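Asker: One structure, as structure tokens, below. Some questions next.
Throughout, read-outs are computed from the coordinates displayed, never taken from laboratory work. For clarity, every value in this text was computed on a predicted model and none was experimentally measured. Neighbour counts run over all protein chains shown; Cβ positions are idealised from the backbone, glycine included.
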Amino acid sequence: MKKLVEVLAQSLVDYPDEVTVTETEQDGEILLELKVAPDDMGKVIGKQGRIAKAIRAMVKAAASKTDKKVVVEIGH
């Protein structure tokens with residue numbers, strides 16, 4: 001999951017070297033924290049959050065084979 005989010009984010013932003021994804025797991029839930037450069041926030045979130053929703057939908061689909069809930073948080 002972590003690599004999926006990382007690859008998606010790096011393909012969207014101007015500064016792919018500043019993309020970091022941290023993965024933490026607790027209580028059967030996986031939290032993926034995506035951090036990008038401040039100038040790239042708009043590119044990752046998109047108009048009305050459409051790109052962020054698409055990233056979350058892809059991760060949810062990929063996680064459907066596991067019995068864990070995956071949450072993606074986006075920040076800088």
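Asker: For the range 1-34, give me the residue count where each residue is part of a strand (DSSP E or B) and either buried (at least 17 other Cβ atoms within 10 Å of the Cβ) or on the phi > 0 side of the Ramachandran plot (or both). Before you say what the answer is, go through the steps one by one.
Answerer: We begin by selecting, within the range 1-34, every residue part of a strand (DSSP E or B); these are 20-26, 29-34.
Then keep just the ones that are either buried (at least 17 other Cβ atoms within 10 Å of the Cβ) or on the phi > 0 side of the Ramachandran plot (or both); that gives 21, 30, 32, 34.
Summing the residues that are part of a strand (DSSP E or B) and either buried (at least 17 other Cβ atoms within 10 Å of the Cβ) or on the phi > 0 side of the Ramachandran plot (or both) in the range 1-34 gives 4.
Asker: Right, here's the next one. Between a first residue in the range 57-76 that is without any contact (Cβ under 8 Å) to a residue 60 or more places away in the chain and a second residue that is part of a loop (DSSP other than H, G, I, E, B) and among the aliphatic types (A, V, I, L, M), which pairs have beta carbons less than 9 Å apart while being 6 or more apart in sequence or on different chains?
Answerer: Every condition considered, the pairs that remain are Val59/Met1; Thr66/Met1; Ile74/Val36; Gly75/Val36; His76/Val36; His76/Ala37.
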